[in-house]
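**Q** Have a look at this one before I ask anything.
The values are calculated or read from the model by the stated rules, or taken from the named source; none is laboratory data. Values in this document were obtained by computation on a predicted structure and should not be read as measured data. All Cβ positions, even for glycine, are placed from backbone atoms using ideal geometry, and neighbour counts span all protein chains on display. Just so you know, the surface numbers come from the protein's heavy atoms only, side chains and all, with ligands and any DNA or RNA stripped out. Shrake-Rupley method; radii C 1.70, N 1.55, O 1.52, S 1.80 Å.
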Amino acid sequence: MPTEEFPLPTDFSPESARLLRPDVEEFRQQAHEVVEWMAEYLARVGELPVQPDAAPGSIRVRLPATPPEHPEPMESILADFRNIVMPGMTHWNHPGFFGFFPANTSPPSILAEMLTATLGAQCMSWSTSPAATELEQVTMEWLAWMLKLPEGFTGVIQDTASAATLVALITARDRFTRATQPRRIEELTVYTSPEANSSVAKGARLAGFLPDRIRFVETDEGFAMRPDVLADLMAEDREAGLTPAAVVATVGTTSSAAVDPLPEICRVAGELSRGRPRPWVHVDAAFAGSAAILPEMRFILEGVEAADSLVFNPHKWLLVNFDCSAYFVRDVPALLRSFSASAHYLHAPHPGAAPDYRDWGIPLGRRFRALKLWFVLRRYGVTVLQTMLREHMRLGELFAAWVDQSPDFERLAAARFGLVCFRHAPAGEADEAALDARNERLLAALHASGKILLTPTRLAGKYCLRLSVGHLTTTEDDVRRAWELIHATAATG
Ligand SMILES: *Cc1c(COP(=O)(O)O)cnc(C)c1O
């Protein structure tokens, strides 16, 4: 029996009535204005400082501490967006953005996002948006085809690679803790390399693995995981009564784009498991995985046929704006055992006939992410995407060649996937601490210019700069200007 009713609203003024029943003509006009602004932004983003000159807190002091009590006109909201928000933005799709990794957006992706927002659909189960589910099935099959993934992998879109890796590690954990001869979580170990993305160790902790059961397998001089060391560590752990539960290999590390040797890693994982459940092998190809759509680069996924899961981010280097991570998994029933959740109010009238993607990952509610992926794949076609990837890698190699030719600069890793790790190391300066400080100053001076953005890392203990080419609009001229600026700035420092 209902016990209490809530009071009815008493302030249903004509103004609230008007706003709550949207004026479609007003929306149409505002949307046209916003689209004008968007087109202008895309045309001129290169003229803006790539990074704002903002101190922490300098934006929020310009915003009221409490929300408006009464409706505000759209004009003043848009004016504040232009005057307060925009000057505080870092422009990830600026042609001078060479930081982190490519995080592309593109016109077809933007258009699809506008449609997704307009539909406002929750795509948690087939019945809550049948077309969203089926478009996701189709686009994931297209991606699997583009990557030449072996038979047996099924794809699902996750929001991020971090979430996909967490999903893989939870499924791996359950393979052992829910086995016929179950293991306790304290007995389970996870292997990755110290060069793996921070999301791997975080995912392992979140999945419940004990921090001191996460093994960081030494890398070789090229920063790739050493399978011989992996084999030794796994054997030692087995001898100590522990059970290897998961190995996370990286194809394209975040620091230096190193590629862990998948075939050997899978062989080690399989060989040492005779008669026992094999550790789950997850491949984190978040950034570099896109390159595998090139026939000449497909080798980076060699060995994946023996892995259990793989993630790569179309939202990085495949022109789909954030967020859209493609997660491919072999053992779908295992995934569903770990992630299914049911409730009477979720009842769907189509048992088994189509996937309910709420059972394939962490959140219940899901965005219609397949739409932008579908728009991008169709608008560019595989060929244009391949051409773009080749061009970005060519520009990375060109930059690497300039670094190599300069006596005052040094490259610290192989140039791969458009990423070059380098430092300013003038002849005669051998003190590592001084070199670190010199390059930190160089980076600060480059950022102060507002023209380019690079991010730092450490390789073999050495502080260095990463230049990652990969934005849709970045040209050879942009890369050349970046090199000239770096060269000139270093000469004055
Ligand atoms: C970018 C990146 C991640 C994190 O991706 P999110 O989608 O932001 O979670 C993980 N691993 C690698 C190798 C990456 O390059």
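**Q** Size of the dipole of the chain about the Cα centre, Lys and Arg at +1 and Asp and Glu at -1 on the beta carbon, nothing else charged, in debye to 20?
**A** 760
**Q** Percent antiparallel among DSSP beta bridges with both residues in the chain, to the nearest 5?
**A** Roughly 60 percent of the beta bridges in the chain run antiparallel, per DSSP.
**Q** Looking at the chain, identify the longest residue range that excludes and avoids all GluC sites (Glu not before Pro) in DSSP loops having at most 10 other Cβ atoms within 10 Å.
**A** With GluC sites (Glu not before Pro) excluded where exposed in loops, the chain gives 222-493 as its longest stretch.
**Q** Ok, one more. Exposed loop trypsin sites (Lys or Arg not before Pro) only (DSSP loop, at most 12 other Cβ atoms within 10 Å): please give the longest stretch of the chain free of them, not including the sites.
**A** Value returned for the longest uninterrupted segment is 275-493.
**Q** Okay, moving on. Per residue, how much accessible area does the range 113-377 show when a 1.4 Å probe rolls over the protein heavy atoms, in square angstrom?
**A** That works out to 40 Å² for each residue.
**Q** Only Cα pairs under 8 Å and at least 6 apart count here; give the relative contact order of the chain as a rounded whole percent.
**A** Relative contact order comes out at 20 percent.
**Q** Still on this structure: Express the carbon and sulfur contribution to the solvent-accessible surface of the chain as a percent, rounded to the nearest whole number, probe 1.4 angstrom.
**A** Carbon and sulfur: 58 percent of the exposed surface of the chain.
**Q** Ok, one more. For the chain, build the charge dipole from Cβ charges (+1 Lys, Arg; -1 Asp, Glu) around the Cα centre, then report which of Leu233, Cys324, Ala490 sits farthest towards its positive end.
**A** Result: Leu233, furthest along the dipole toward the positive end.
**Q** When only alpha-carbon atoms count, how far does the range 246-349 stretch along each of its three principal axes, as whole angstroms with the largest first?
**A** Principal extents (Cα only, largest first): 49, 44, 25 Å.
**Q** For the range 113-377, with only Lys/Arg (+1) and Asp/Glu (-1) charged at the beta-carbon, what is the dipole magnitude about the Cα centre, in debye rounded to 20?
**A** Taking the Cα centre of the range 113-377 as origin, the dipole is about 780 debye.
**Q** Continuing with the same structure: Once you keep just the Cα pairs under 8 angstrom separated by 6 or more residues, what percentage relative contact order results for the range 113-377?
**A** Relative contact order comes out at 27 percent.
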